[in-house]
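Trainee: One structure is given below, represented as structure tokens, and several questions about it will come after.
Read-outs throughout are calculated quantities, based only on the coordinates presented, and are distinct from any laboratory measurement. The structure displayed is predicted, hence computed values, not measured ones. So basically every Cβ, Gly included, is an ideal-geometry build from the backbone, and we count neighbours across all protein chains shown.
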Amino acid sequence: MCLADRGYQGFAKLHAGACTPTKKPRKQPLSQDEKQHNRALARLRVRVEHVIRRFKIFRIFSGRYRNRRKRFGLRLNLIAGLLNCELAHAS
């Protein structure tokens with residue numbers, strides 16, 4: 001499953017597992033089911049956005065990576081391990 005925001009409306013046509021929020025038609029309100037669907041997706045997406053923010057604190061995604069390309073994967077895995085450990089101990 002791939003979660004995307006409203007900016008990726010055509011993404012669902014390219015990838016079968018993509019979930020995007022329902023866009024409101026002009027001059028018509030969303031139905032209650034569509035609102036619930038959008039809220040459910042937002043609850044899932046906010047968790048992903050918070051994890052991305054935590055990666056940006058380590059500045060691995062926030063700008064240009066200026067170290068050796070060979071070590072990017074290693075550093076990414078180390079940071080992910082640290083964040084997973086921190087999340088496991090927080091709950």
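Trainee: Could you work out how far apart the two model spin labels at Arg54 and Ala42 are, taking each label as a point 7 Å from the Cα in the direction of the beta carbon, and quote it in nm?
Mentor: About 2.3 nm separates the two model spin labels.
Trainee: Which of Gln32, Val48, Leu76 sits closest to the plus end of the dipole of the chain, meaning its Cα is farthest towards the positive end, when Lys and Arg get +1 and Asp and Glu get -1 on the C-beta?
Mentor: Result: Leu76.
Trainee: Counting each DSSP H run of 4 or more residues in the chain as -39500 (n - 2.57), what helix-only mean residue ellipticity at 222 nm follows after dividing by all residues, to the nearest 500 deg cm²/dmol?
Mentor: Taken over the chain, the calculation gives -18000 deg cm²/dmol.
Trainee: How tilted is helix 72-90 with respect to the longest principal axis of the chain? Cα atoms for both, answer in degrees (0 to 90, nearest 10).
Mentor: Computed tilt is about 70 degrees.
Trainee: Over the chain, what lengths in whole Å, largest first, do the semi-axes of the equivalent ellipsoid take, defined as the square roots of 5 times the eigenvalues of the alpha-carbon gyration tensor?
Mentor: Working through the eigenvalues yields semi-axes of 33, 17, 11 Å.
Trainee: Under 22 Å Cα-Cα from Lys24, which lysines qualify once same-chain neighbours fewer than 8 residues away are excluded?
Mentor: Lys13, Lys35
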